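Since the structure comes first, as structure tokens, the remarks are kept for the end.
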Amino acid sequence: MSGELKPETIVFFENRLTPLSEARVGILTHALGFGTGVFEGIRGYWNERENQLFLMRPREHFERWKQNCGILRIEVPPTAAELSELTADLVRRNGYRGDVYIKPLAYKSSQRIGIHMDDQNAFAIVPMPAPVYLDSSQGLHAGVSSWRRIEDNAIPGRAKICGSYVNGVLASDEARHNGFDEAILLTEAGHVAEAASSNIFLVRHGKLITPAASENILEGITRASVMALAREELHLDVVERPVDRSELYVCDEIFFTGTMVEVAPVVRVDHRPVGSGEIGPVTAGLRHLYGQAAHGRLEAWRHWLMPVYERVPAAAGK
């Protein structure tokens, strides 16, 4: 699937189902002018053998979305369970039979001049074929950005606030122009925070290390999933702590995690090889485990998944 969005795609917009071509906002919408929106990203994975599409942890995503909307005083009335059902319905109506990406967006919807917020809110949910974001099959080359990660007391990085993503856009643009695949941002204190649009993990001395939530990171759901798989399936020690920049140059493995990137190996940082310069065994193992779990092939982790289509019972006597 190419990720192409067709005008006839059915989306949820202004409290109704409508074709994408008719889902439009005005030029003076507050969220457009001032970045006062909160978005989310959810993946769905197609299981060919079961003829089923699984949404990956939709309730957790919608719970995070609703909590983060509260930072901007945006109310999303439906429950996380109701939003999950609405999303599954959208996927069914569009007839997707392959991997999908769903983007919920809540925003300040009044059309006016002035930065002060009011109580006019709206939300939309847009399903689409899963786009190719970063091809990490051979490993990525990342560069430490000159842009610093936003601070919690400026714009909370733990929330997917639309305006805050200019931070990642600037860092990613700089990285691409400097010949890298992706950027790594440091905090104002000089510690590693995350990549431009994903969390980061290091493998060092046999332990899996990742910056703590206090390092201005997004509290990633894929991050949490990978940590659980590392502990339960690979029996690794997982440590959340401050990470120095120089550790990027002396660790054994690095990888990014996120809804879009999934588990993406990093084989070079700032023109230096990571470990052997090849995709490491821990990264490869976790990437495999995450893919298996997301596609419903690991029974122990199927509680993460929400099936979209009704299961067809086996014929009698078979």
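The values are calculated or read from the model by the stated rules, or taken from the named source; none is laboratory data. Given the structure is predicted, the values throughout are model-derived calculations rather than measurements. In this analysis, Cβ positions are derived from the backbone assuming ideal geometry, glycine residues included, and neighbour counts consider all displayed protein chains.
Can you pull out every residue in segment 15-39 that is in a loop (DSSP other than H, G, I, E, B) and either surrounded by fewer than 23 Cβ atoms within 10 Å (Cβ to Cβ) or modelled with pLDDT under 95 (or both)?
Within segment 15-39, N15, A23, R24, V25, G26, I27, L28, G35 qualify.
In segment 61-72, is there at least one residue being in contact with a Leu (Cβ under 6 Å, 6 or more places away or on another chain) and surrounded by 19 or more Cβ atoms within 10 Å (Cβ to Cβ)?
yes
Quick check on segment 114-138: of everything there that is in a loop (DSSP other than H, G, I, E, B) and touching a Gly at 6+ places or on another chain (Cβ under 8 Å), which residue is nearest to R16 (Cα to Cα)?
Only one residue tops the list, namely A130.
Hey, does segment 76-86 have a residue that's within 25 Å of I155 (Cα to Cα) and surrounded by 15 or more Cβ atoms within 10 Å (Cβ to Cβ)?
yes
Would you pick out the residues in segment 210-225 that are in contact (Cβ under 8 Å) with a residue 40 or more places away in the chain, touching a helix residue (DSSP H, G or I) at 6+ places or on another chain (Cβ under 9 Å), of a type outside the set (D, E) and outside any helix (DSSP H, G or I)?
The one that is in contact (Cβ under 8 Å) with a residue 40 or more places away in the chain, touching a helix residue (DSSP H, G or I) at 6+ places or on another chain (Cβ under 9 Å), of a type outside the set (D, E) and outside any helix (DSSP H, G or I): I217.
Output the residues belonging to segment 143-178 that are part of a loop (DSSP other than H, G, I, E, B) and either in contact (Cβ under 8 Å) with a residue 60 or more places away in the chain or under 20 Å from the mean Cα position of the chain (by Cα) (or both).
Listed by number, the residues that qualify are R149, I150, E151, D152, I155, P156, G157, R158, A159, K160.
Can you tell me which residue among D270, D252, D237 is without any contact (Cβ under 8 Å) to a residue 60 or more places away in the chain and surrounded by fewer than 16 Cβ atoms within 10 Å (Cβ to Cβ)? Write out each step before concluding.
Values: D270 fails: without any contact (Cβ under 8 Å) to a residue 60 or more places away in the chain; D252 fails: surrounded by fewer than 16 Cβ atoms within 10 Å (Cβ to Cβ).
Result of the check over D270, D252, D237: D237.
Is it the case that L5 is surrounded by 13 or more Cβ atoms within 10 Å (Cβ to Cβ), in a loop (DSSP other than H, G, I, E, B) and not polar (S, T, N, Q)? Write out each step before concluding.
Details: surrounded by 13 or more Cβ atoms within 10 Å (Cβ to Cβ): yes; in a loop (DSSP other than H, G, I, E, B): yes; not polar (S, T, N, Q): yes.
In short, yes.
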